[in-house]
Each structure stands twice: as structure tokens, then as C-alpha cells.
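The values are calculated or read from the model by the stated rules, or taken from the named source; none is laboratory data. The shown structure was predicted, so the numbers you read here are calculated from the model rather than taken from an experiment. Backbone-built Cβ (ideal geometry, glycine too); neighbour counts: all protein chains shown.
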Amino acid sequence: MIPFSVLDLAPVTQGSTPTQAFANSLDLARLAERLGYTRYWLAEHHNMPGIASAATAVLIGHIAGGTSTIRVGAGGIMLPNHAPLQVAEQFGTLASLYPGRIDLGLGRAPGTDQATARALRRYYESAETFPDDVLELLAYFEPAAPGQPVRAVPGAGIDVPVWLLGSSLFSARLSAALGLPFAFASHFAPDAMDEAVALYRRDFKPSARLSAPYAMLGVNVVTAESDREAKRLFTTQQQSFINLRRGQPGLIPPPIDDIESYWTPTEKFGVERALACAVVGDVDTVRDGLAVFIERHRPDELMVTANVFDHEARKRSFELVGRVREALVGA
């Protein structure tokens, strides 16, 4: 059975604080470690009140320091916001503190709105600069050459697995050309998933970092004791998407009983399309749904995410997903 991993945005729920969000993330990471999830990733976002993972490298250190075996990483660092040298230093430091446990996923979007992207004091001109930045960053992780004028300290010569993330064909092509693992953001932008993964696998060129293509797919999974309760919990994610599209991002809302009263038909269509890679229900429903998803798309790994309002219900969802994976292994 393929590995299952966790994607966390350190959600800040209504009535809560970032401090509590960070405590919840560590609690969930410890549970994921006990349950056998492979990695625990955090994603960089900015100027979003409901997402507290803006200082992603700092939060990765918090999670890695509070766990012992699970891999911890970025899904991802939005490279246009940073100088490649700084990213190499940060992740070289993390990999020195937690050897063999740190992943670095890179994205080419700013992870925010354009005004905030400008406030981050880095460029966001076009996708043309992203490949050069990736190459520069990869070079900093190579052993330093004699006379090299700029080196990452720490970073040079340290093994930090680098992934490329994407929701289009661009990063699929670049991942294939550079021989890097590829993670597709199918949990919120699934339209190009099959084409991107097929292109990546077809055009993959082996590298010193990776000998064969390795594709991970994101999927929303909300599991509860009944289909009805799981669907109710999932309304938190649906509301968050609607609020974002209305230009009203805020704290993560509690679930509601009637999502149909919350959205317009046009909003419903857009949200359901964006969240098409979602499996929501009790253990039996989720087992069947994930089995179909895996059989159809053949990922090398699943990155599971669940934006659930109540922390205990969120933990229970991941616990039940772990049970589903065990059932799939035994099937």
C-alpha cells in the first residue's frame, strides 16, 4: 500500500488563536507519527487570518522538535517570496537539527494576494525566473567547491530532499527535467491532475536525487462515525472556499447543517469543482472512495488534508483514515 502523509495549514478557528493552532498542529503531528503517516507538511500562506503557517520554516522546527520519527517539511515554501540562499540556510539548519527527517517542497506562486506579495519585498514577475531559482537553491545543497564565493552554512553538502509542487503542467515539466519528486495540488486545483502526472512520468529524467518518477497527490479526506456527520464537518472547508472567493478570508468557521443555504448555485459549482478530489464519509465510504481514487490515478503517495473546525474531530478523522489505510493494505 502506498504511503499516506498529512498536509496541515495550522488553521486558526473562530474563537481561537495562532498559539492554540500551533499546539493543535503539534498534537496532530504526534498522532500522525503514532499512526504511521510518512510525513507531515506545512504550507506557506500570507495575509490569511485563518492560516497560521506563514513562517513555515519556524513552524517546521516546532513540529520536528516535538516528534521523533515522522518526516516534517514544507508543502511548500513559495520560492518567489525568498532568496534561494536564505531557504538553503533555513533548511540546512533544520536538516542539521533533525537529520534524515526534513523535506523541502517548492512552489512558484506567492501564496497570497499581489499587495502582500509586494510587501514581502521579493519579485513576482513571471514563471520564467522560478527554474533559475530552483537551480540556484539545489546548487547550495551540493558540497561547496574550493573558492566558491557564496555557500549555504549550514546547507552545503546536506541531504535535503527537494520536491516541486504545482497545480498545472509547468512544475510537472520542471520536476521531470530536473529529476525531482513532484506533488500535485489536487486537493484544491484538480483540473490538470491527470495530464500533469502523465507528463511528469513520461518525461522524467533520472538524477542524482531521484532514479525514477515519484508523484504525490493531495486529497481532502474527512471521516467521521457517519456519512452525515462527515459531510457536516466538511462544510467548514466549503465555507472557507466560498469566503475566499468572496474576498472575505477570515478565521476558520464552524460547520453548519445546511450548506445549500450558504452558497449560490455558481459558488457551489466552483467549490465542488475545486474540491473534486475529496472523499467524505464514514470508514466504509472513505475506504471505497480512496480505493477508487488510488486505482484510477495511481499515485506513489497520498497527501491527506482535512480542514475540520473541532480539533478532536480533526484528530479523529485522521485516526479513522489511518484505519482505512490498514484495511486497504489487508484487502
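Residues in segment 1-44 that are crowded, with 21+ Cβ neighbours inside 10 Å, hydrophobic (A, V, I, L, M, F, W, C) and more than 16 Å from the chain's Cα centre (by Cα): VAL12, ALA21.
Tally up the residues in segment 229-248 that are touching a Ser or Thr at 6+ places or on another chain (Cβ under 8 Å) and either of a type in the set (Val, Ile, Thr) or surrounded by fewer than 20 Cβ atoms within 10 Å (Cβ to Cβ) (or both), please.
Within segment 229-248, the first condition is being touching a Ser or Thr at 6+ places or on another chain (Cβ under 8 Å), and the residues that meet it are 230, 233.
Now restrict to residues that are either of a type in the set (Val, Ile, Thr) or surrounded by fewer than 20 Cβ atoms within 10 Å (Cβ to Cβ) (or both): none.
Qualifying residue count for the region: 0.
Looking at ALA156, ALA176, ALA189, ALA183, can you tell me which residue is among the small types (Gly, Ala, Ser), in contact (Cβ under 8 Å) with a residue 40 or more places away in the chain and in contact with a Pro (Cβ under 9 Å, 6 or more places away or on another chain)?
ALA156
For the residues VAL150, VAL197, VAL134, VAL160, the requirement of being over 23 Å from the mean Cα position of the chain (by Cα) and at negative phi singles out VAL150. Given the condition closer than 15 Å to TRP163 by Cα and hydroxyl-bearing (Ser, Thr, Tyr), answer yes or no: does some residue in segment 60-71 qualify? The answer is no, given that none of the residues of segment 60-71 is closer than 15 Å to TRP163 by Cα and hydroxyl-bearing (Ser, Thr, Tyr).
When segment 117-167 is limited to residues that are of a type in the set (S, T, N, Q) and surrounded by fewer than 17 Cβ atoms within 10 Å (Cβ to Cβ), the one that is modelled with the lowest pLDDT turns out to be SER126. Taken residue by residue, segment 246-259 has no member that is within 21 Å of GLU326 (Cβ to Cβ), β-branched (Val, Ile, Thr) and out of contact with any Leu (no Cβ under 7 Å at 6 or more places or on another chain). Being surrounded by fewer than 22 Cβ atoms within 10 Å (Cβ to Cβ) and free of Cβ contacts under 8 Å to residues at least 60 places away in the same chain, is that true of even one residue in segment 313-322? Within segment 313-322 (the criterion being surrounded by fewer than 22 Cβ atoms within 10 Å (Cβ to Cβ) and free of Cβ contacts under 8 Å to residues at least 60 places away in the same chain), the answer is no, since none of the residues qualifies. Yes or no: LEU328 under 19 Å from the mean Cα position of the chain (by Cα) and over 18 Å from ARG228 (Cβ atoms)? Judged against the criteria, LEU328 is not a match. Scan segment 57-69 for residues that are crowded, with 18+ Cβ neighbours inside 10 Å and more than 18 Å from the chain's Cα centre (by Cα) and the total you get is 1. Could we say that PHE293 is closer than 19 Å to ALA23 by Cβ and either surrounded by fewer than 20 Cβ atoms within 10 Å (Cβ to Cβ) or out of contact with any Phe, Trp or Tyr (no Cβ under 9 Å at 6 or more places or on another chain) (or both) here? Spelling it out, it is not the case that PHE293 is closer than 19 Å to ALA23 by Cβ and either surrounded by fewer than 20 Cβ atoms within 10 Å (Cβ to Cβ) or out of contact with any Phe, Trp or Tyr (no Cβ under 9 Å at 6 or more places or on another chain) (or both). Selection of segment 207-235 for residues being farther than 23 Å from ARG39 by Cα and not hydrophobic (A, V, I, L, M, F, W, C) yields GLU225, SER226, ASP227, ARG228, GLU229, LYS231, ARG232, THR235. The set of residues from segment 45-56 being in contact with a helix residue (DSSP H, G or I) (Cβ under 6 Å, 6 or more places away or on another chain) and either surrounded by 23 or more Cβ atoms within 10 Å (Cβ to Cβ) or under 18 Å from ARG108 (Cβ atoms) (or both) comprises HIS46, ALA52, SER53.
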